[in-house]
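Below is one structure, written out as structure tokens; comments come after it.
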Amino acid sequence: MKKSCTVKLLILFVVVFVAFVGSAWAAEISIKGNGTFNNNEKLIIDGDFSEQGAAWDNEKCVWWNGTSPYFVIDLGAVYQVPDLVLQVDNNDNYQVDYSVDGTTFTPLVTVKADSGEIEWGMDTLSSAPGNTDTIEGMAFKPVIARFIKIYATEGDDSYSISEIQFTMNPVSEKK
Ligand SMILES: [Ca+2]
Ligand SMILES: [Ca+2]
Ligand SMILES: [Ca+2]
């Protein structure tokens, strides 16, 4: 009887612990969209890409007109970011900036309309070397960042993002 009680307590502890860690993990990265756009901005950081070549306004995309909307992703802490992968509408230019404090942003990557192999619809583009979506012009030196801003700068006025992901390395306090 006593042993079974202990086991139940242990199970309860594990369930609560996993729920706590799960919620902390889920809360780590957040995004805020500014301006007028379609669909929930959380689609940009939900881990899900469209198929390449899918329509720019499909249900996995956040899409908009004009170049005023922008999206700011908060990584939840400062990380070393050596590369990124994103999926945007193939025929526009997009800009990615980074920041430590969320106020002063520095240009990180310019995504050009003529990058990538996709001629119509959504195109996945990676700054990391050695994969099928690698775009050499997107490579950058690792940066220290907590906030990432992404927005369209030029194109056919129909803009779309389905996903952006980063490699996030913990920043060591040792020198
Ligand atoms: Ca997504
Ligand atoms: Ca591609
Ligand atoms: Ca477009």
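The values are calculated or read from the model by the stated rules, or taken from the named source; none is laboratory data. Predicted model only: the values in this text are computed from it and were never measured. Every residue, glycine as well, gets a Cβ built from its backbone with ideal geometry; the counts of neighbours run over all protein chains shown.
For beta carbons closer than 8 Å, sequence separation of 6+ or different chains, a first residue in the range 121-135 that is within 16 Å of ligand 1 (Cβ to nearest atom) and a second that is among the aromatic types (Phe, Trp, Tyr), the qualifying pairs are Gly121/Trp56; Met122/Phe49; Met122/Trp56; Thr124/Phe49. In the condition set (1) more than 13 Å from ligand 2 (Cβ to nearest atom); (2) of a type in the set (S, T, N, Q); (3) crowded, with 19+ Cβ neighbours inside 10 Å, Ser158 is compliant with all but (3). Can you pull out the residues in the range 47-79 that are assigned to a strand (DSSP E or B) and under 30 Å from Val171 (Cα atoms)? Across the range 47-79, the qualifying residues are Tyr70, Phe71, Val72, Ile73, Asp74, Leu75, Gly76, Ala77, Val78, Tyr79. Working carefully through the options Asn58, Asn39, find the one that is more than 26 Å from Thr132 (Cβ to Cβ) and within 14 Å of ligand 1 (Cβ to nearest atom). Every option except Asn39 fails the conditions. Give the range 114-141 a look and list any residue that's more than 9 Å from ligand 2 (Cβ to nearest atom), assigned to a loop (DSSP other than H, G, I, E, B), closer than 24 Å to Met168 by Cβ and among the charged types (D, E, K, R), or say none. Selection gives Lys141 alone.
Residues that are at pLDDT below 95 and either of a type in the set (Phe, Trp, Tyr) or surrounded by 10 or more Cβ atoms within 10 Å (Cβ to Cβ) (or both) within the range 24-51 comprise Ala24, Trp25, Glu28, listed in sequence order. Inclusion of Asp92 among residues that are acidic (Asp, Glu), within 16 Å of ligand 1 (Cβ to nearest atom) and touching a residue at least 40 places away in the same chain (Cβ under 8 Å) is not warranted. Picking from residues in the range 161-175 that are polar (S, T, N, Q) and assigned to a loop (DSSP other than H, G, I, E, B), the one that is nearest to ligand 2 (Cβ to nearest atom) is Thr167. The residues of the range 80-111 that are under 20 Å from Asp156 (Cβ atoms), assigned to a loop (DSSP other than H, G, I, E, B) and touching a strand residue (DSSP E or B) at 6+ places or on another chain (Cβ under 6 Å), listed by number, are Asn90, Asp92. Of the residues Asn90, Asn131, the single one that is farther than 23 Å from Lys42 by Cα and either more than 18 Å from the chain's Cα centre (by Cα) or not β-branched (Val, Ile, Thr) (or both) is Asn131. Checked across the range 138-152, the condition of being within 16 Å of ligand 1 (Cβ to nearest atom) and either in contact with a helix residue (DSSP H, G or I) (Cβ under 7 Å, 6 or more places away or on another chain) or among the β-branched types (Val, Ile, Thr) (or both) holds for at least one residue.
Return yes or no: is Tyr79 under 16 Å from the mean Cα position of the chain (by Cα), surrounded by fewer than 21 Cβ atoms within 10 Å (Cβ to Cβ), among the hydroxyl-bearing types (Ser, Thr, Tyr) and closer than 17 Å to Asn39 by Cβ? Taking the combined requirement at face value, the residue does not satisfy it.
Quick one: would you say Ser68 is loosely packed, with under 14 Cβ neighbours inside 10 Å and either in contact with a Cys (Cβ under 8 Å, 6 or more places away or on another chain) or farther than 12 Å from Ile161 by Cα (or both)? For Ser68, the condition - loosely packed, with under 14 Cβ neighbours inside 10 Å and either in contact with a Cys (Cβ under 8 Å, 6 or more places away or on another chain) or farther than 12 Å from Ile161 by Cα (or both) - is met.
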